[in-house]
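A.B. asks: The structure that follows is given in the form of structure tokens.
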Amino acid sequence: MSDSTGFSAYLKSELEKYKGVYVPVKASPLESILFNKVSVKKLHPNPNDEFCIDSVGPSYRIISEYQKKFREDIARNGILDTEPLMVEKVRPDGYMILNGHHRWAAAIIAGIEKMPVNIVNLTKPSDIIKMLEKSDRNKRVTFDLDEIIFASEEDRFEDIPSSLDTSKFPEKVRLGVPALFHFFHSRGYDVWVFSSKYYSMDYIKKLFKKYSVDVDGIVTGTARKLDNTGVVEKKKTADQLIANKYKETISVDNDSVLRTYSGSKEFDHFDIPENDERWSAKVMKIVEEAIANEQQ
């Protein structure tokens, strides 16, 4: 379906207007709470998203479907019924769309003035540098939030704390994860978690606080491309600081534990039976035995 609305020209002008100008900045906690709706004019397309790439581009069929839904929502209830767009605050003005470009386009074409948003503070290279400076440990363990830490339908999960609002924190933490975090901290490891999704750093910190555990490093939005020269340089600096700081890194997966050493091609690999209900205990045993062997 082709564009008969003139949106293509608007998108092109928006991308050109802010080309090389965007700088991501942190939104204050108050702003993230209070600003749950934003003018569509304050929402800017992400030049790295497929939506904005000529060879892929917007799907006007999808945009048309959203337009129809939005008009039906307003006609029926007088309000727009849609999930918030995921956005990141940017300088000089407004918010960059991380997820929801087609809904944003449909709102513009349909003449809707404001869209619900969820403002997130993704990890920036400067955040990583601060996390590294804060720690006095020289070993770390890493976990993938989406694949390892958050329980799937097949996994057993931790009892949900009574103080945790599941409407705000719907993720279920896999059984044994808090104990595993405590274990690694007691053995002198920093605990780092990673996600390609657009979680806010503050969100992840608050979630684990409810389970009485801390995380030392949080990296979110890892799939995001970086096209600002200053940001790229800071990322190189952060990567080098990680390499210099941690002499050892343990990467924990569902079916294995990988132990690598800074400046060395040597590594230790340990298998864990897949779907093992005592997964966390097996990880602890592997690490305990490795530490004991070193001390002999």
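A.B. asks: Say a site is exposed when it is one of the GluC sites (Glu not before Pro), sits in a DSSP loop, and has at most 13 other Cβ atoms within 10 Å; what is then the longest site-free stretch of the chain?
C.D. replies: 1-112
A.B. asks: Could you rank the peptides 98-108, 35-45 by their average count of other C-beta atoms within 10 Å per residue, with the highest value first?
C.D. replies: Highest to lowest by the protection proxy: 98-108, 35-45.
A.B. asks: In addition: Starting from the Cα of residue 50, move 7 Å in the Cα-to-Cβ direction to define the label point; list residues of the range 59-101 whose amide nitrogen is under 15 Å from there.
C.D. replies: Taking a point 7 Å out along Cα→Cβ of residue 50, the residues of the range 59-101 whose backbone N falls under 15 Å are 59-63, 99-101.
A.B. asks: Another one. Strictly over 18 Å apart at the Cα level, which of 134/210; 17/42; 130/209; 37/68; 210/282 would you flag in this model?
C.D. replies: Among 134/210; 17/42; 130/209; 37/68; 210/282, the Cα-Cα distance tops 18 Å for 134/210; 130/209; 37/68; 210/282.
A.B. asks: Let me ask you something else. Report the calculated FRET efficiency for residue 269 and residue 222 (r = Cβ-Cβ distance, R0 = 25 Å), to the nearest 0.05.
C.D. replies: With R0 = 25 Å, the Cβ-Cβ based efficiency is 0.65.
A.B. asks: Here's another thing I want to ask about it. Considering Cα pairs under 8 angstrom that are at least six residues apart, work out the relative contact order of the chain and quote it in whole percent.
C.D. replies: Taking the mean separation of contacting Cα pairs over the length of the chain, I get 16 percent.
A.B. asks: Roughly what % of DSSP beta bridges within the range 125-295 run antiparallel, to the nearest 5? Numbers along the way, then the final one.
C.D. replies: Details: 12 of 25 bridges.
Around 50 percent antiparallel, to the nearest 5.
A.B. asks: In nm, to one decimal, how far is the residue 137 label point from the residue 247 one, both placed 7 Å along Cα→Cβ?
C.D. replies: 1.6
A.B. asks: If we restrict to alpha carbons, what Rg and Dmax does the chain come to, in Å?
C.D. replies: Radius of gyration, then largest Cα-Cα span, for the chain: 22.2, 75 Å.
A.B. asks: Taking the Cα atoms of the range 7-119 alone, what are Rg (to one decimal) and Dmax (as a whole number) in Å?
C.D. replies: Gyration radius and largest Cα-Cα distance of the range 7-119: 13.9, 42 Å.
A.B. asks: What percent antiparallel are the DSSP beta bridges of the chain, to the nearest 5? Each step should come with its number before you reach the end.
C.D. replies: Details: 21 of 39 bridges.
Once the DSSP bridges in the chain are tallied, antiparallel ones form about 55 percent.
A.B. asks: Here's something else I'd like to know. Determine which residues of the range 267-285 fall in the zone a paramagnetic label at residue 258 would reach in this model, i.e. backbone nitrogen under 16 Å from the point 7 Å along Cα→Cβ.
C.D. replies: Residues 267-272 fall inside that zone.
A.B. asks: Oh, and also: Given an 8 Å cut-off on Cα distances and at least 6 residues of separation, report the relative contact order of the range 125-295 as a percent.
C.D. replies: 26
A.B. asks: Determine ³J(HN,Hα), in whole Hz, for all residues of the range 29-45 in sequence, where each value follows from phi through the Karplus function 6.51 cos²θ - 1.76 cosθ + 1.60 and θ = phi - 60°; x replaces Gly and Pro.
C.D. replies: Those phi angles translate into x, 5, 4, 5, 7, 6, 8, 9, 9, 9, 4, 4, 6, 8, 9, 10, x Hz.
A.B. asks: If you don't mind, another one. Compute the signed sum of charges (Lys and Arg +1, Asp and Glu -1) over the other residues within less than 11 Å, Cβ to Cβ, of residue 256.
C.D. replies: -3
A.B. asks: Right, something else. Using a cut-off of 13 Å between alpha-carbon atoms, which aspartates and glutamates can reach residue 172, once sequence neighbours fewer than 8 places away in the same chain are excluded?
C.D. replies: Here the aspartates and glutamates satisfying the reach criterion relative to residue 172 are 146, 147, 153, 154, 155, 158, 159.
A.B. asks: Given the DSSP H assignment, sum -39500 (n - 2.57) over each helix run of at least 4 residues in the chain and divide by its residue total; what's the result at 222 nm in deg cm²/dmol, nearest 500?
C.D. replies: The helix contribution divided over the chain gives -11500 deg cm²/dmol.
A.B. asks: Among 220, 249, 166, what is the fewest-to-most ranking by other Cβ atoms within 10 Å?
C.D. replies: With the sparsest Cβ surroundings first, the list reads 166, 249, 220.
A.B. asks: Can I ask one more? Taking the alpha-carbon centroid of each part, what is the distance from the range 87-160 to the range 56-71 in angstrom?
C.D. replies: A separation of 24 Å, based on Cα centres.
A.B. asks: At 7 Å along Cα-to-Cβ for each site, give me the label-to-label distance between residue 159 and residue 61 in nm.
C.D. replies: Label-label distance for residue 159 and residue 61, simple model: 5.0 nm.
Each value in this text was obtained by applying a stated rule to the coordinates, not by laboratory testing. No experiment lies behind these values; they were computed from the predicted model shown. We place every Cβ from the backbone using ideal geometry, glycine too, and count neighbours over all the protein chains shown.
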